[in-house]
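So the structure is just underneath, and the comments pick up after that.
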Amino acid sequence: MHPGMVVDFNDLKVPLDSIKEALDHKCINDVIPNPTAEKIVEYVADVFDTWLQEYAVEHAPMNFTLTWVKVWETEDSYAMLEMK
């Protein structure tokens, strides 16, 4: 990883591929019951948060936290989850 970089984009393939595998070309109702944008953003946040906790352990002493996740439905419509 380069100095000043928080997370290498290549490392982000892990959670992104996991989400893609779970949702791409699938009946989303089978993965996320009643898949509203709000539930989809919660799903995506959970995948990233779980991965980020493991990533932080591997890259100690760095302390990573997920701040927010936004899922867009249209150009001007989205659901956003801010982490506490």
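Within the stretch 25-54, restricting attention to residues that are over 13 Å from the mean Cα position of the chain (by Cα) and among the polar types (S, T, N, Q), the residue that is surrounded by the fewest Cβ atoms within 10 Å (Cβ to Cβ) is ASN34.
So which residues in the stretch 55-77 are surrounded by 13 or more Cβ atoms within 10 Å (Cβ to Cβ) and either at pLDDT 95 or above or within 17 Å of the chain's Cα centre (by Cα) (or both)? Full working, then the answer.
Restricting attention to the stretch 55-77, the residues satisfying the condition of being surrounded by 13 or more Cβ atoms within 10 Å (Cβ to Cβ) are 55-56, 59, 64, 66, 69-71.
Residues satisfying the conditions are TYR55, ALA56, PHE64, LEU66, VAL69, LYS70, VAL71.
The single condition among (1) at pLDDT below 90; (2) under 12 Å from the mean Cα position of the chain (by Cα); (3) polar (S, T, N, Q) that SER18 does not meet is (1).
The values are calculated or read from the model by the stated rules, or taken from the named source; none is laboratory data. Here the structure is a predicted model, which is why all the values come from computation and not from measurement. With ideal geometry, Cβ positions are generated from the backbone for all residues, glycine too; neighbour counts draw on all protein chains shown.
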